[in-house]
Each structure stands twice: as C-alpha cells, then as structure tokens.
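Beneath this line is the structure, given in structure tokens, with notes to follow.
Please treat every number below as a calculation from the coordinates, not as lab data. Note that the structure is predicted; figures quoted are calculated from it, not measured. In this analysis, Cβ positions are derived from the backbone assuming ideal geometry, glycine residues included, and neighbour counts consider all displayed protein chains.
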Amino acid sequence: MMKKAGYIQRTGCRALDSDGVMHEVTEVHIHGSRYAIRLAGLAGAIAGRVFVQVEELSHNWNYYLGTTCGLAQVSGSGKALNIDIFNAGSFTVSLKSLSNVIYGKERYAFIVKIPDQTLQSQKVRKVTQDQKRISVPA
C-alpha cells in the first residue's frame, strides 16, 4: 500500500544555480525535506521521457539550487512521474495532478512513496508434512 510522503507545488519562485543563472522551479517536499525541479526540465521530462534532476533547495535571502539529490522520470505507463531520491527511496505523483499544478488549476499535488520491492518479493513458504526437506551440506 502506498502512503502519502509529501507534496509538489509551484510557487513561482526562482532559484539561482551554481553558475548564477536564475531558473523557475517547482518545489518538492518529501518527508520534511525541500527539493526543487527546474520547470523547463520538468516540461522536457513529461514530453520526451528523459530524466530530470531533483536538486536541493535552500533559502538565504534568495532561493538557491544545491546538489543533485535524485532523478525523476515519467513512468512506463505514462501516467505518473516517478521520483527517485538517492537516500530516501522512490516516490510517485500522478501526471494529471502534476499538470494541474503546473498550469495553475491546483495549488499542490500529493506525492506517495512506492513500496520497496525487496520486501514484497521475499515470501515465506510453508512446508507441509508430506513434503521432503533437503538439507544443505556445510
């Protein structure tokens, strides 16, 4: 089951990158951390199914883009944007709700955490009485 992990919003803020170039960004809030996706890159990711960087966003008199903390890409079905934060896991947001945020119809869109696949793939198998047990030599 997917659980709500944060939200994405377009506040109209502009952030400076390391070269001093101003970019319009969308804010991504996941588990209390603030990230940013460049709006031009996000439009390219939605149109061309390429990766876009998720960058650290800080505020000190102005907004600044920091290090790359993850990557985002449109899902294989084309219905969601999958966000992979390097040390926090994988998350997703619906493209329909994201486009409503980008075009100003909605204020924010919810982001949900994608459950880890390793936990789901490990199934406990019960052995019945009539099955043989094979021991492994040490």
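Label separation (CYS13 vs ARG107): 1.6 nm, computed from points 7 Å beyond Cα along the C-beta direction. Phi-derived couplings, Karplus 6.51 cos²θ - 1.76 cosθ + 1.60 at θ = phi - 60°, listed residue by residue for region 10-23: 10, 9, x, 6, 10, 10, 8, 8, 5, 8, x, 8, 7, 10 Hz, with x used for Gly and Pro. Proximity of backbone amide H atoms, modeled 1.01 Å from N, is registered between CYS13 and VAL25 at under 5 Å, excluding neighbours fewer than 5 places apart on the same chain. Orientation-averaged projection of region 3-117 equals 7.1 nm² [convex hull of Cα atoms, one quarter of hull surface area]. 3J(HN,Hα) couplings calculated from phi for region 69-78 with the Karplus curve 6.51 cos²θ - 1.76 cosθ + 1.60 (θ = phi - 60°) are, in sequence order, 9, x, 9, 10, 7, 5, 5, x, 6, x Hz; Gly and Pro show x. Multiplying the residue separation of LYS4 and HIS29 by 0.36 nm and removing their Cα-Cα distance gives an extension gain of 7.9 nm. Placing a label point 7 Å from the Cα of PHE86 along the Cα-to-Cβ direction, the residues of region 44-60 with a backbone N closer than 18 Å are 51-58.
Helical runs assigned H by DSSP (4 residues or longer) give the chain a calculated mean residue ellipticity at 222 nm of -4500 deg cm²/dmol, each run adding -39500 (n - 2.57) before division by the residue total.
Label-to-label distance for ALA40 and SER94 is 3.1 nm, based on points extended 7 Å past Cα in the beta-carbon direction. Taking trypsin sites (Lys or Arg not before Pro) as exposed when their DSSP state is a loop state and no more than 10 other Cβ atoms lie within 10 Å, the longest site-free interval of the chain runs over 1-104.
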